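Below is one structure, written out as structure tokens, with a few remarks after it.
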Amino acid sequence: MLTSGSSPQHSPLDRPGLLNPKRILYALDEIDQSADSYRLSRPQALRRVFMTLALVSVSLLLLHYGKFSSNLRLLLSEETLQHWQDAGWLPLAGYAWWTLVHVLTFLLLPWLVIRFGFRERMADFGWRWADTSAHWRGYLLLLSPILVFVVLVSFGEDFVNHYPFYPHASRSWADFLAWECLYLTQFVVLEFFFRGFMLQALRPAVGANAVWIMCVPYLMIHFPKLWLEATGAILFGLFLGILALRSRSIWGGVMVHAGVALSMDVAALLRQSGLPQLWWPF
């Protein structure tokens, strides 16, 4: 059994046979038997689950309806919108709004619950490096086949037409870097919300079942995407969830997401007009 005070051990997901169902169950068994699981009384567990899932419901609701740039347009004057449009920055402003709403719903609201509801520290919800280095094999096993898949699908026209989301990413390095900062910030707070807040909040009440509970809303936010990506989110969420609980950190998952996102954008740009040639667009 691995307790919070023990030295880090390699997860079954760090060894060959990553997709072996028995190894997944062994990893979940280890999580379930650790001192951090089921440490609350039944009344405490009930309140913990209630507060956590209530916050998850509110956050996903606000995100779904608030992330669209049309909401930003409602807050700004026609003069300001026209000025940004003429300057060529309105699409980027829309994605800045999209990122801001993610930060509000996936980071700020959970922090309020952690700080004033649970009266605990952000560091205990994955916001630290912890044992990430001890599980680098698991994260590499997740990232490697995805990168190969990215190379293969990058030859399709649908891929080139879909990525990057920001239409002016190739206009200049300023555009590209600004977009990637916004895009990757969204992945940081997404990892914190699902693999940090949800897992660490639910684990003391329901043990390893926290992983499967987290996987359900994580799958559902992928429903607007292609069916193959949504299907992959089930396994992706499962493996990242186990690794996050083993490492007590979100940062391995952040690096996996960042590696995939950057590789997809760069691959698409190379197929289109290439990487930016100018430092500034004007």
| task | Above 13 angstrom, tally the Cα pairs of the range 235-280 and express them as a % of all pairs, no decimals. | result | 65 percent
| remark: Of the convex hull drawn through the C-alpha atoms of the chain, the volume per residue in Å³ is 137 Å³
| task | Quote to one decimal, in nm, the extra length available between residue 42 and residue 119 on full extension: 0.36 nm per residue of separation minus the C-alpha distance between them. | result | 25.9 nm
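What number comes out for the charge environment of residue 202, summing +1 per Lys or Arg and -1 per Asp or Glu over other residues with Cβ under 15 Å away?
With Lys, Arg at +1 and Asp, Glu at -1, the net is +3.
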| remark: Other residues with Cβ under 12 Å from the Cβ of residue 159 give, with Lys and Arg +1 and Asp and Glu -1, a net charge of -3
| field | On Cα atoms only, tilt of 136-153 relative to the major axis of the chain in degrees | value | 30 degrees
| query | In the neighborhood of residue 282, defined by Cβ-to-Cβ distances under 14 Å, what is the net charge if each Lys or Arg adds +1 and each Asp or Glu adds -1? | reply | -1
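What percentage of all Cα-Cα pairs in the range 65-199 are separated by more than 27 Å?
The share of Cα pairs beyond 27 Å in the range 65-199 comes to 40 percent.
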| task | Give the distance, in whole Å, between the Cα centre of the range 116-166 and the Cα centre of the range 199-218. | result | 19 Å
| message | From the helices alone, meaning DSSP H stretches of at least four residues, give me the mean residue ellipticity at 222 nm for the chain, per-run term -39500 (n - 2.57), in deg cm²/dmol to the nearest 500. | response | -20500 deg cm²/dmol
| note | Put in order of increasing Cβ neighbours within 10 Å, starting from the fewest, 191, 78, 229 give 78, 229, 191
| query | What spacing in nm lies between the two simple spin-label points modelled at residue 73 and residue 111, each 7 Å away from Cα in the Cβ direction? | reply | 3.1 nm
| query | Want the number for residue 82 to residue 223: 0.36 nm per residue separation, take away the alpha-carbon distance, what's left? | reply | 47.4 nm
| request: For residue 173 and residue 65, calculate 0.36 nm times their separation in residues minus their Cα-Cα distance, and state this gained length in nm to one decimal. | output: 35.8 nm
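Coordinate-derived values only; no laboratory data. Here the structure is a predicted model, which means the values were calculated and not measured. Ideal geometry is used to build each Cβ from the backbone, glycine not excepted, and the neighbour counts take in all protein chains shown.
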